[in-house]
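Q: Take this structure first; my questions come after.
The values are calculated or read from the model by the stated rules, or taken from the named source; none is laboratory data. Because the structure is a prediction, the values reported are computed rather than measured. As a convention, Cβ positions derive from the backbone with ideal geometry for all residues, glycine included, and neighbour counts pool all protein chains shown.
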Amino acid sequence: MFVPKKVFFTSGSGKHKERLTSFEMALRDARIECYNLVSVSSILPPKCQIISKDEGLKQLQAGSIVFTVMSRLSSNEPSRLVAASVGVAIPEDMDVQWGYFAEHHSFGQDKKRAGEYAEQLGYDMYHSITDKLPKKTLNITASAEVSDEGEWNTVIAAAIFLME
């Protein structure tokens, strides 16, 4: 049984004439390009400590298999605004209750609006299982506008789990 003990948040943006390479550039910007990322669904486990990105990256090594809740969006349409966000609702009692992550990606939303929307989604999912309010909500969001040249632009936002 794998239950994450820690989580950190990161985001990035990348652009390139090739879509896949723009995704790689976004991973590099987020500093998670050297890991084997496995997408998982949206539960913040009880007792899972939220740590800083720098602290989390120190605990990983290149090639590690890393579980992540990730939002991602790409476009090459000139002047198109793209956003990717992960919101989280954190329970009052992290020792016994789980929280919720919510992935959101959108066209036409700026960073602030996309982040607020992702937080609201996490809040709504959390509130659907209890009459209690979450202790707090937060988000990690990236947004970018595609250049007039029409290069691919990819944005990502991620919660990265650590097992130890």
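Q: For segment 20-35, name all the residues that are over 16 Å from the mean Cα position of the chain (by Cα), exposed (fewer than 15 other Cβ atoms within 10 Å of the Cβ) and either β-branched (V, I, T) or in a helix (DSSP H, G or I) (or both).
A: Residue satisfying the conditions is L20 alone.
Q: Anything in segment 1-19 that is within 27 Å of D95 (Cα to Cα) and under 18 Å from the mean Cα position of the chain (by Cα)? List them, or say none.
A: If we filter segment 1-19 for residues that are within 27 Å of D95 (Cα to Cα), which is where we start, we get 1-10.
P4, K5, K6, V7, F8, F9, T10, listed by residue number.
Q: It is to be established whether one or more residues within segment 90-107 are surrounded by fewer than 17 Cβ atoms within 10 Å (Cβ to Cβ), closer than 21 Å to A26 by Cα and out of contact with any helix residue (DSSP H, G or I) (no Cβ under 6 Å at 6 or more places or on another chain).
A: For segment 90-107, residues surrounded by fewer than 17 Cβ atoms within 10 Å (Cβ to Cβ), closer than 21 Å to A26 by Cα and out of contact with any helix residue (DSSP H, G or I) (no Cβ under 6 Å at 6 or more places or on another chain): present.
Q: OK, next. Part of a strand (DSSP E or B), surrounded by 24 or more Cβ atoms within 10 Å (Cβ to Cβ) and in contact with a Lys or Arg (Cβ under 8 Å, 6 or more places away or on another chain) - does that describe any residue in segment 134-142?
A: Among the residues of segment 134-142, at least one is part of a strand (DSSP E or B), surrounded by 24 or more Cβ atoms within 10 Å (Cβ to Cβ) and in contact with a Lys or Arg (Cβ under 8 Å, 6 or more places away or on another chain), which makes the answer yes.
Q: Can you name every residue in segment 103-119 that is part of a strand (DSSP E or B) and out of contact with any Phe, Trp or Tyr (no Cβ under 9 Å at 6 or more places or on another chain)?
A: Narrowing segment 103-119 to residues part of a strand (DSSP E or B): 103-107.
E103, H105, F107, listed by residue number.
Q: Of a type in the set (G, A, S), under 16 Å from F101 (Cβ atoms) and not in a strand (DSSP E or B): does that describe G122?
A: yes
Q: Starting from residues that are in contact with a Gly (Cβ under 6 Å, 6 or more places away or on another chain) and in a strand (DSSP E or B), keep the ones in segment 46-100 and report whichever is nearest to G14 (Cα to Cα).
A: L81
Let's see how each residue does on (1) in contact (Cβ under 8 Å) with a residue 40 or more places away in the chain; (2) in contact with a Pro (Cβ under 8 Å, 6 or more places away or on another chain); (3) over 27 Å from N36 (Cα atoms):
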position: Q61; (1), (2), (3): no, no, no
position: S85; (1), (2), (3): yes, no, no
position: E92; (1), (2), (3): yes, yes, yes
position: V96; (1), (2), (3): yes, yes, yes
position: E103; (1), (2), (3): yes, no, no
position: Q109; (1), (2), (3): no, no, yes
position: M125; (1), (2), (3): yes, no, yes
position: A144; (1), (2), (3): yes, no, no
position: D148; (1), (2), (3): yes, yes, yes
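Q: Since V38 meets every condition but one in (1) touching a residue at least 40 places away in the same chain (Cβ under 8 Å); (2) under 15 Å from the mean Cα position of the chain (by Cα); (3) in a strand (DSSP E or B), which condition does it not meet?
A: Unmet for V38, out of (1) touching a residue at least 40 places away in the same chain (Cβ under 8 Å); (2) under 15 Å from the mean Cα position of the chain (by Cα); (3) in a strand (DSSP E or B): (1).
Q: Give me the pairs, please: first residue somewhere in segment 63-79 and within 23 Å of K17 (Cβ to Cβ) and polar (S, T, N, Q), second residue anywhere and modelled with pLDDT under 95 and surrounded by fewer than 19 Cβ atoms within 10 Å (Cβ to Cβ), beta-carbon distance under 7 Å, and either six or more positions apart or on two chains.
A: Going by the 7 Å Cβ cut-off, the qualifying pairs are N76/G150; S79/D148.
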